[in-house]
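Comments concern the structure below.
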Amino acid sequence: MSDYEEEPQMKIGDLKSFSRKVYTVAKVISIGEVRSVTSRNDNSAHEVCEALIADDSGSVYLTLWDDNISQIEEDMILKLDNAYVNVFRGSMRLNLGRYGNFTVLEEAPFDEVDLENNVSAQQVEYENRRPYDRGRSRRY
């Protein structure tokens, strides 16, 4: 059994907004410009950038933070474990977060990548994800 068959794999083209526990293998197509941001929680400084990754079913932007940025290069094959999808400015982004990680593979389980089906380019309606807020208006 090869490295990338240990967990059930999800294809990038099958990602939905707010998907959780995403295990996939993708090729890094391009890496965007690194930006400096300040955390709203504790005012700490962070670096962030987006990398376009793709498999044979589609492509998506992967948000990279701090140390992960320098570990990724174009044309690398990444095995992403326990990633999740969020919506940023109306489009889907794949994130590793605190509990996700990646490993670099020697070869991809696919021959070609599909750049036509960019799931990040699809506009996503923001949905309120708070389970305690069932659409009722708040009274003060």
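Can you find a residue that is touching a residue at least 12 places away in the same chain (Cβ under 8 Å), farther than 15 Å from Asn118 by Cα and not in a strand (DSSP E or B) anywhere in region 77-84? No: zero hits.
Here Asn68, Asn43 are screened, and the one residue that is at pLDDT below 95 and surrounded by 17 or more Cβ atoms within 10 Å (Cβ to Cβ) is Asn68. Against the definition (in contact (Cβ under 8 Å) with a residue 40 or more places away in the chain, surrounded by 11 or more Cβ atoms within 10 Å (Cβ to Cβ) and out of contact with any helix residue (DSSP H, G or I) (no Cβ under 7 Å at 6 or more places or on another chain)), how does Met92 come out, yes or no? In short, no.
The values are calculated or read from the model by the stated rules, or taken from the named source; none is laboratory data. Not measured: the values here are computed from a predicted model. A quick note on method: Cβ atoms are made from the backbone with ideal geometry, for glycine too, and the neighbour counts reach across all protein chains shown.
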